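Below you'll find the structure, written out as structure tokens, and then a few comments.
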Amino acid sequence: MDEADGDHFDVIVIGGGPGGYAAALYGASAGLRIALVERDKVGGTCLHRGCIPAKELLESASVYRTVRHAAEFGVHVGEPSIDWSATIDRKQRVVDQMFTGLGSLLKGRKVEVVPGSGVLEADGRVTVETDAGSRTLAGDAVILATGSVPRVIPGFEPDARLVFSSDELLDLRELPGSAAVIGGGAIGCEFASTLADMGASVTILEGLPKILPGCDEEIAKVVTTSFKKRGLTIRTGVRVTGHQPQDGGGTAVQIEGSDPLFVDMVVVSVGRRPVTDGVLGDGCKVAVSPRGFFEVDAHGRTGVPGVWAVGDCIDTPQLAHVAFMEGMNAIRDILGEDPPPIDAGRVPWAIYCQPEVAFAGYTEAAAKEAGFDVVTAKHRFIGNGRAVIIGSTDGMVKVIAERRADGTAGRVLGVHLAGPWVTEQLGQGYLAVNWEATVDEIAALIQPHPTMSELFGETVLSLTGRSLH
Ligand code: FAD
């Protein structure tokens, strides 16, 4: 279709991932007329190549682990085995179900999904290139939500045979006997955990001195110890330089100053690059930073009036739930509601490896670096009834509070968890940090028993100077 001057919308959103579709759904629920331009599938990385498929595979790994230990509970099921193609098929069914649901939601809210690649022109209109031609949309506001793609390192270009980024790995058709995971961040640890649970011999190769950079040191240690106990190898402070495919299959990963590592496959998980190339037409004045992100202020406004940017294409934590909130905030800003800016240091983080990790707020080191006098408390899941019942006790809760002038613990600055189901337990820690609750305020509230979440209450209670278990 060729249209010199297409339909007019209140808001045009370019990119249908969590940032873009959240803006579209939320904006439509506020009565705005929205066009959502998407060149692939609505749902974006999160639904098709990220959060949802990765967590589904981790859940399959968790079911396998549970069944392997069923005899401990007196449940005899024989020797379990993995039908990986059935696992991958289930993963796809979950994704497809969520995709259909999202499509219905968008349709129900009368969001017009425009298929094709969107380009923001200098005059503020959006050109959408499709196989069938181009269409021009006009809007009062534009939200850029073009997301990110996996970073590639030279010498390790993904080929879906020996080298995999997250995009290819989530469609893996055959389980490897061994794997090297380059990058021990959140996504690398999730993949390493899945593959190890599924029986592969896994080596994590991390350039920094520890895995899970950004996590509290003691929490990262819990994961390191637990991974090692499960047979994963962790090599930190290493630099990979390339790999040499082997005649008999597999490849040899070259590591500076060390013998090569022979593995069946390599997973590259070294972060994600923002997608900003090709999104701006000639003369469009939206600024792009040297690292490739759209530049925005605390409200997500670009320097061009009427244009916002949200999600992984801006330099904020690359998380789906952060993208959701940024998308909603952009709409609220468009509506003149003056939403409070997101404090990147206090957003919730959830990592679904085994053991899981979840946190919000300052790590102990970051709090001290920021000048706080801190007092901390830790409680381990080994002392928690529910964790013992389910037979998963690796992990701890750590709470960091500000030390008051009288030496007692005051405001909660950070809550850090590693252990069973902690991604489901962070809620109250997140609220505590963001409402700037004090340990006394939290300790006065009752936690249900027996739950794993009561370990947070116990940890806070001990910061009052008294404790129970
Ligand atoms: P994206 O989801 O990348 O979506 C951008 C969309 O824009 C894409 O659909 C793309 O096709 C479209 N697009 C790009 N350019 C154009 C254009 N010019 N025209 C039209 N369309 C365009 N986050 C969490 O919070 N929790 C997790 O557990 C988690 N797990 C993850 C696991 C993996 C393996 C990966 C890779 C990521 C994970 N993430 C997780 C991160 C999360 O997926 C991203 O933060 C989130 O998807 C970002 O949303 P977004 O809308 O900014 O971008």
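Among the residues in the stretch 23-43, are any of a type in the set (A, V, I, L, M, F, W, C), assigned to a helix (DSSP H, G or I) and touching a Ser or Thr at 6+ places or on another chain (Cβ under 9 Å)?
Of the residues in the stretch 23-43, the ones of a type in the set (A, V, I, L, M, F, W, C) are 23-25, 28, 30, 32, 34-37, 42.
With assigned to a helix (DSSP H, G or I) added as a condition, the list becomes 23-25, 28.
Adding the requirement that they be touching a Ser or Thr at 6+ places or on another chain (Cβ under 9 Å) leaves none.
No, the stretch 23-43 has no match at all.
Would you check which residues across the stretch 271-291 are away from the ligand (no atom under 13 Å from the Cβ) and either in contact with a Leu (Cβ under 8 Å, 6 or more places away or on another chain) or of a type outside the set (Ser, Thr, Tyr) (or both) and list them?
Within the stretch 271-291, the first condition is being away from the ligand (no atom under 13 Å from the Cβ), and the residues that meet it are 282-283, 285, 287-291.
Matches in the stretch 271-291: ASP282, GLY283, LYS285, ALA287, VAL288, PRO290, ARG291.
Filter the stretch 349-407 for residues that are among the polar types (S, T, N, Q) and away from the ligand (no atom under 16 Å from the Cβ); which is farthest from PRO448 (Cα to Cα)? Give the steps one after another, and end with the answer.
Taking the stretch 349-407 as the starting set, the residues that turn out to be among the polar types (S, T, N, Q) are 354, 363, 376, 384, 392-393.
Those still in the list that are away from the ligand (no atom under 16 Å from the Cβ) too: 363, 376, 384, 392-393.
Numbers: THR363: 27, THR376: 23, ASN384: 12, SER392: 19, THR393: 19 Å.
Filtering first and then ranking leaves THR363.
Quick one: which residue in ASP264, ASP282, ASP277 is charged (D, E, K, R) and closer than 18 Å to THR45 by Cβ?
Residue meeting the stated conditions: ASP277.
Here is a list of conditions, (1) over 20 Å from ILE334 (Cα atoms); (2) more than 10 Å from the ligand (Cβ to nearest atom), and GLY139 meets all of them except one; can you say which number that is?
(1)
Being among the basic types (Lys, Arg) and loosely packed, with under 15 Cβ neighbours inside 10 Å, is that true of even one residue in the stretch 356-370? Steps first, answer last, please.
Initially, the stretch 356-370 is screened for residues among the basic types (Lys, Arg), giving 368.
This time we only want the ones that are loosely packed, with under 15 Cβ neighbours inside 10 Å, so: 368.
Yes, the conditions are met somewhere in the stretch 356-370.
Being in contact (Cβ under 8 Å) with a residue 12 or more places away in the chain, outside any loop (DSSP other than H, G, I, E, B) and within 22 Å of LYS55 (Cβ to Cβ) is true for just one of ALA367, ALA377, ALA401, ALA358. Which residue is that? Write out each step before concluding.
Details: ALA367 fails: within 22 Å of LYS55 (Cβ to Cβ); ALA377 fails: within 22 Å of LYS55 (Cβ to Cβ); ALA401 fails: within 22 Å of LYS55 (Cβ to Cβ).
Criteria check complete, one pass: ALA358.
For the stretch 57-74, does any single residue satisfy the condition of being surrounded by 21 or more Cβ atoms within 10 Å (Cβ to Cβ) and under 29 Å from LEU169 (Cβ atoms)? Please lay out each step first, then the result.
Of the stretch 57-74, the ones surrounded by 21 or more Cβ atoms within 10 Å (Cβ to Cβ) are 57, 61.
Of the ones still in play, those that are also under 29 Å from LEU169 (Cβ atoms) are 57, 61.
Yes, the stretch 57-74 contains a residue that is surrounded by 21 or more Cβ atoms within 10 Å (Cβ to Cβ) and under 29 Å from LEU169 (Cβ atoms).
Has the stretch 328-337 got any residue that is on the phi > 0 side of the Ramachandran plot and surrounded by fewer than 17 Cβ atoms within 10 Å (Cβ to Cβ)? Even if it seems obvious, please write down each step before you answer.
Filtering the stretch 328-337 for residues on the phi > 0 side of the Ramachandran plot gives 336.
Okay, now just the ones that are also surrounded by fewer than 17 Cβ atoms within 10 Å (Cβ to Cβ), so 336.
Scanning the stretch 328-337 turns up at least one residue that is on the phi > 0 side of the Ramachandran plot and surrounded by fewer than 17 Cβ atoms within 10 Å (Cβ to Cβ).
Based on this model, can you work out whether VAL222 counts as in a loop (DSSP other than H, G, I, E, B), modelled with pLDDT of 95 or more and buried (at least 17 other Cβ atoms within 10 Å of the Cβ)?
So VAL222 fails the test.
Among all residue pairs at least 6 apart or on different chains, which show Cβ distances below 7 Å where the first residue, located in the stretch 33-51, is of a type in the set (Lys, Arg) and at pLDDT 95 or above and the second is assigned to a helix (DSSP H, G or I) and more than 8 Å from the ligand (Cβ to nearest atom)?
Close Cβ pairs (under 7 Å, with a partner that is assigned to a helix (DSSP H, G or I) and more than 8 Å from the ligand (Cβ to nearest atom)) amount to LYS41/PHE99.
Please count how many residues of the stretch 258-276 are farther than 23 Å from GLY185 by Cα and touching a residue at least 12 places away in the same chain (Cβ under 8 Å).
Going through the stretch 258-276, the residues farther than 23 Å from GLY185 by Cα turn out to be 259, 276.
Still in the running and touching a residue at least 12 places away in the same chain (Cβ under 8 Å): 276.
Residues meeting the conditions: 1.
Scan the stretch 298-312 and tell me whether some residue there is within 16 Å of the ligand (Cβ to nearest atom), among the charged types (D, E, K, R) and either at pLDDT below 95 or in a loop (DSSP other than H, G, I, E, B) (or both). Even if it seems obvious, please write down each step before you answer.
Applying the first criterion (within 16 Å of the ligand (Cβ to nearest atom)) to the stretch 298-312 yields 300, 302, 307-312.
Checking which are among the charged types (D, E, K, R) leaves us with 312.
If we keep only those that are either at pLDDT below 95 or in a loop (DSSP other than H, G, I, E, B) (or both) too, we end up with none.
No, every residue in the stretch 298-312 fails to be within 16 Å of the ligand (Cβ to nearest atom), among the charged types (D, E, K, R) and either at pLDDT below 95 or in a loop (DSSP other than H, G, I, E, B) (or both).
Looking at ALA358, ALA330, ALA320, ALA344, can you tell me which residue is under 12 Å from the mean Cα position of the chain (by Cα) and closer than 20 Å to PHE294 by Cα?
Values: ALA358 fails: closer than 20 Å to PHE294 by Cα; ALA330 fails: under 12 Å from the mean Cα position of the chain (by Cα); ALA344 fails: under 12 Å from the mean Cα position of the chain (by Cα).
Going through ALA358, ALA330, ALA320, ALA344 in turn, the sole match is ALA320.
Here are ALA23, ALA54: which of them is over 30 Å from CYS353 (Cβ atoms) and under 21 Å from the mean Cα position of the chain (by Cα)?
Working: ALA54 fails: over 30 Å from CYS353 (Cβ atoms).
After applying the criteria, what remains is ALA23.
Restricting the stretch 29-68 to residues that are small (Gly, Ala, Ser) and closer than 21 Å to LEU120 by Cβ, which is farthest from the ligand (Cβ to nearest atom)? Step through it out loud before you land on a result.
Initially, the stretch 29-68 is screened for residues small (Gly, Ala, Ser), giving 29-31, 35, 43-44, 50, 54, 60-62.
When the remaining residues are screened for being closer than 21 Å to LEU120 by Cβ, the result is 35, 44.
Working: ALA35: 11, GLY44: 3 Å.
Per the criteria, the residue is ALA35.
Consider the stretch 57-85. How many of its residues are assigned to a loop (DSSP other than H, G, I, E, B) and either under 19 Å from the mean Cα position of the chain (by Cα) or under 30 Å from PRO150 (Cα atoms) (or both)? I'd like the intermediate steps shown before the answer.
Residues of the stretch 57-85 assigned to a loop (DSSP other than H, G, I, E, B): 69, 74-83.
Right, trim to either under 19 Å from the mean Cα position of the chain (by Cα) or under 30 Å from PRO150 (Cα atoms) (or both) and you get 82-83.
So the answer is 2.
Every residue in the stretch 186-199 that is surrounded by 21 or more Cβ atoms within 10 Å (Cβ to Cβ) and of a type outside the set (Asp, Glu), please.
Going through the stretch 186-199, the residues surrounded by 21 or more Cβ atoms within 10 Å (Cβ to Cβ) turn out to be 186-197.
Selection gives ALA186, ILE187, GLY188, CYS189, PHE191, ALA192, SER193, THR194, LEU195, ALA196.
The values are calculated or read from the model by the stated rules, or taken from the named source; none is laboratory data. Since this is a predicted model, take the numbers as computed values, not measurements. For neighbour counting, all protein chains shown are included, and Cβ atoms are generated from backbone atoms with ideal geometry for every residue, glycine included.
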